[in-house]
1. Collect the residues in the stretch A:232-241 that are over 14 Å from the mean Cα position of the chain (by Cα) and within 13 Å of residue A:90 (Cα to Cα), keeping them in residue-number order.
2. Go through the stretch B:346-359 and count every residue that is crowded, with 18+ Cβ neighbours inside 10 Å, among the aliphatic types (A, V, I, L, M) and farther than 15 Å from residue B:334 by Cα.
3. Would you be able to tell me the number of residues in the stretch B:37-54 that are facing chain A (nearest Cβ under 7 Å) and either basic (Lys, Arg) or part of a helix (DSSP H, G or I) (or both)?
4. Output yes when any residue across the stretch B:14-27 is more than 7 Å from chain A (Cβ to nearest Cβ), buried (at least 18 other Cβ atoms within 10 Å of the Cβ) and either out of contact with any helix residue (DSSP H, G or I) (no Cβ under 8 Å at 6 or more places or on another chain) or not aliphatic (A, V, I, L, M) (or both), and no when none is.
5. For the stretch A:55-78, does any single residue satisfy the condition of being away from every other protein chain (no Cβ under 11 Å), among the polar types (S, T, N, Q) and either assigned to a loop (DSSP other than H, G, I, E, B) or surrounded by fewer than 14 Cβ atoms within 10 Å (Cβ to Cβ) (or both)?
6. Please enumerate the residues belonging to the stretch B:360-392 that are out of contact with any Pro (no Cβ under 8 Å at 6 or more places or on another chain), at pLDDT 95 or above and under 14 Å from residue B:333 (Cβ atoms).
7. How many residues does the stretch A:104-122 contain that are more than 11 Å from the chain's Cα centre (by Cα), surrounded by 24 or more Cβ atoms within 10 Å (Cβ to Cβ) and not β-branched (Val, Ile, Thr)?
8. Only one residue in A:107, A:139 is over 26 Å from residue A:223 (Cβ atoms), without any contact (Cβ under 8 Å) to a residue 40 or more places away in the chain and in contact with a helix residue (DSSP H, G or I) (Cβ under 6 Å, 6 or more places away or on another chain). Which one?
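The values are calculated or read from the model by the stated rules, or taken from the named source; none is laboratory data. Bear in mind that the values here come from a model prediction, so they are computed numbers and not experimental data. A quick note on method: Cβ atoms are made from the backbone with ideal geometry, for glycine too, and the neighbour counts reach across all protein chains shown.
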Protein chains: 2
Amino acid sequence: MAEIRFASRAASIGKRPPPIVALDAIKLGGGNAFPDLLPDVSAEAADVATLFRTEALQYGPLYGLPELRQEIVRFLTEDGVTANVDNILILNGAKQALDLLLRTLVDKGDAVVVSRPTYLSALSIIRNHEASIIEIDSDEGGMKVDELEAKLRRLRAEGGKLPKLLFEVPDFHNPTGITLSEERRRTLVRLAEEFDFFILEDDPYRRLRFSGEAVAPIKSFDTNGRVIGAGTFSKILAPGIRVGWANGDPAIIGRMAALKSEGGCCPLTQRIVLDLLRSGRIAHHIAELTPVMKRHRDAMTDAFRLHLPEARFRAPDGGYFLWVELPDGVDANAVTLEAERDGVIVFPGQLSFASAPPVNFIRLAFSYCGPDQIERGVRKLCAVVRRQQTDVSAQPGQAEALSLAGRHYD
Amino acid sequence: MAEIRFASRAASIGKRPPPIVALDAIKLGGGNAFPDLLPDVSAEAADVATLFRTEALQYGPLYGLPELRQEIVRFLTEDGVTANVDNILILNGAKQALDLLLRTLVDKGDAVVVSRPTYLSALSIIRNHEASIIEIDSDEGGMKVDELEAKLRRLRAEGGKLPKLLFEVPDFHNPTGITLSEERRRTLVRLAEEFDFFILEDDPYRRLRFSGEAVAPIKSFDTNGRVIGAGTFSKILAPGIRVGWANGDPAIIGRMAALKSEGGCCPLTQRIVLDLLRSGRIAHHIAELTPVMKRHRDAMTDAFRLHLPEARFRAPDGGYFLWVELPDGVDANAVTLEAERDGVIVFPGQLSFASAPPVNFIRLAFSYCGPDQIERGVRKLCAVVRRQQTDVSAQPGQAEALSLAGRHYD
């Protein structure tokens with residue numbers, strides 16, 4: 001076959017299938033669920049398949065099961081978010097909310113704001129829409145909204161392209177773990193109003209708080225439909241169940257639904273989630289999971305303090321991730337590749353930057369492995385760093401760096 | 001809020017949620033499954049949730065479960081299609097294959113070929129990609145490939161825009177029910193080679209044959225990766241399970257996977273399908289379902305012959321749909337709206353045309369309702385037609401026609 005005439009968005013992606021990770025690898029890369037605490041939903045699954053057979057196996061409603069949408073409204077109320085059923089669209093996870101909102105709002109070349117660094121899969125999805133990306137630096141308080149405001153004013157003054165969307169993970173940010181302050185959240189809503197853009201508040205980790213006080217969702221400060229909330233049961237129940245949602249103005253939600261080409265989500269898994277919400281098992285699961293995730297985090301931060309005290313990080317108050325700045329001069333891409341050969345999977349920090357990535361960050365998830373594996377994994381990782389510090393030949397060649405960038409990461 | 005600056009693809013869609021259909025309506029519109037034959041999968045669901053807990057509830061592989069992909073390879077072999085695991089991408093149904101293939105191949109303004117008429121949801125999905133649509137007329141043998149060839153030669157001679165993709169439902173076409181001949185299938189592949197386009201072969205109904213001989217899939221004539229097959233368990237098991245697939249060249253499949261923003265499909269439902277495939281229950285279900293669908297079809301064609309003998313249709317040899325040409329002068333849009341008020345849901349034929357729709361076609365699905373309901377529904381529908389033939393005031397106003405076009409249909 002002659003060269004394939006791909007769409008421009010597709011030409012340079014997906015050239016290789018995802019790498020096969022060694023079965024015995026210590027996986028500190030993706031934000032997977034801790035297997036020991038994945039719930040047993042066999043009773044709910046059997047009940048739903050029997051009692052709701054004709055609902056669970058038939059095409060589901062385009063917006064999702066009304067009862068589940070109602071339960072999500074109630075769930076959001078606990079966070080101080082007011083919604084009604086018409087605001088809720090059931091999705092196959094929160095990433096689909098970003099995808100559909102981009103389709104709804106963003107034409108090729110339109111601008112989207114992200115924090116620097118940001119969620120690596122969000123970057124892929126935004127790039128797949130051929131949006132231009134505006135990165136706003138972060139500090140210890142998260143996205144620097146003052147810098148955003150200055151940038152927006154400058155763009156307006158110069159007649160530049162103002163953004164149509166801002167993407168942010170405000171609670172236990174991916175990758176930095178930072179929670180955005182209430183003041184900055186209010187500023188984001190004010191700027192969205194003034195500069196006519198929308199905010200996607202991607203909030204998968206909110207309920208997994210180890211310490212400190214919760215900050216009200218950005219959505220709770222939104223009086224004018226400027227914020228679309230994205231949520232998921234992936235991090236608080238089970239990622240494999242593939243049930244998430246978007247919460248937004250019906251004019252936005254209606255477009256997202258119409259652009260959801262595969263139709264309504266699986267009613268079988270929706271009904272299982274609904275059962276688990278109503279019975280209180282999800283609340284119970286969160287209560288059980290949170291202290292376990294805290295122990296995982298402690299195991300990871302302790303291991304870094306022991307094995308690489310000069311590594312810089314901020315222990316997050318919740319969520320799944322630790323964002324580590326390796327000592328100056330260490331190349332995180334080389335470390336990532338070398339660690340993989342040693343059986344430890346981490347993600348190079350460069351994937352979380354839309355442009356000009358610094359080379360010495362890595363993202364680790366403490367969600368999937370237990371404390372012992374985390375200690376062993378971090379110890380091996382730190383040994384790789386030590387070797388690299390004494391061996392400049394360990395720097396990756398161009399080919400290796402490219403191979404890293406071409407992979408799929410979750 | 002000021003007017004929302006939607007992306008151009010989104011401005012005019014999804015303005016209203018789907019209409020609420022009366023609970024006791026006779027539903028001859030969407031291609032839903034016959035509820036009485038939806039399988040009891042409670043044992044499989046419970047088994048999977050227990051025995052495969054950590055697989056079923058964890059993030060699944062981006063391409064789908066390797067074992068399911070292998071079973072689909074085997075399934076395709078029964079149709080004379082040669083594939084291997086690397087060709088198979090698991091999706092949330094077959095519609096997602098069209099969506100992802102459009103993203104992979106089609107930039108805004110690129111041309112896509114469809115038959116006239118064609119699957120109404122495919123039209124929506126193609127429009128959502130802002131492709132230009134080339135319609136090729138159909139006759140009693142399906143898409144007129146001679147006309148396609150002439151059109152392509154003319155376009156090339158005139159320097160016009162050649163298509164990048166052709167969409168077709170070759171077996172028991174939606175909506176016409178026609179099966180494309182082997183000769184026409186071979187011609188499509190030859191034209192795809194000569195004019196450098198791809199073919200999406202959407203084949204949900206293939207196994208539901210009531211009579212006549214199966215024709216080998218278009219994909220079986222493809223030696224050069226020009227054809228992407230799309231399949232689903234929606235019509236041969238249960239639509240709610242949301243498991244389908246694409247079968248194509250790895251270079252295409254890899255792009256489709258990279259553009260599948262929500263990641264891997266639900267492993268719980270995949271594993272249930274895998275169990276049902278391996279145990280032979282899906283084959284058994286097809287064997288049980290096919291004669292039932294034939295009885296439904298017979299009930300529908302008998303009812304039309306009795307109540308509206310001048311209606312023209314071709315009784316399909318399989319599948320889910322009957323495509324009916326109403327008597328000259330009857331407005332199918334008005335009939336559809338009036339029938340809905342009388343408690344019978346059918347789809348106006350205009351939705352299956354990309355442009356300049358004729359006004360006197362309707363699409364009916366005989367899948368969902370049993371024979372008695374089908375008889376009653378067609379009788380009421382035909383009474384509406386009779387009333388309209390004697391009452392010109394029943395023609396729909398512009399507003400009603402628009403309201404019809406703005407709805408969601410599956």
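1. Taking the stretch A:232-241 and keeping what is over 14 Å from the mean Cα position of the chain (by Cα), we get A:237-238, A:240-241.
Within the stretch A:232-241, A:241 is the sole residue that qualifies.
2. Residues meeting the conditions: 1.
3. The number of residues fulfilling the criteria is 7.
4. Within the stretch B:14-27 (the criterion being more than 7 Å from chain A (Cβ to nearest Cβ), buried (at least 18 other Cβ atoms within 10 Å of the Cβ) and either out of contact with any helix residue (DSSP H, G or I) (no Cβ under 8 Å at 6 or more places or on another chain) or not aliphatic (A, V, I, L, M) (or both)), the answer is yes, since at least one residue qualifies.
5. yes
6. B:381, B:384 - these are the residues of the stretch B:360-392 that are out of contact with any Pro (no Cβ under 8 Å at 6 or more places or on another chain), at pLDDT 95 or above and under 14 Å from residue B:333 (Cβ atoms).
7. Summing the residues that are more than 11 Å from the chain's Cα centre (by Cα), surrounded by 24 or more Cβ atoms within 10 Å (Cβ to Cβ) and not β-branched (Val, Ile, Thr) in the stretch A:104-122 gives 3.
8. A:107
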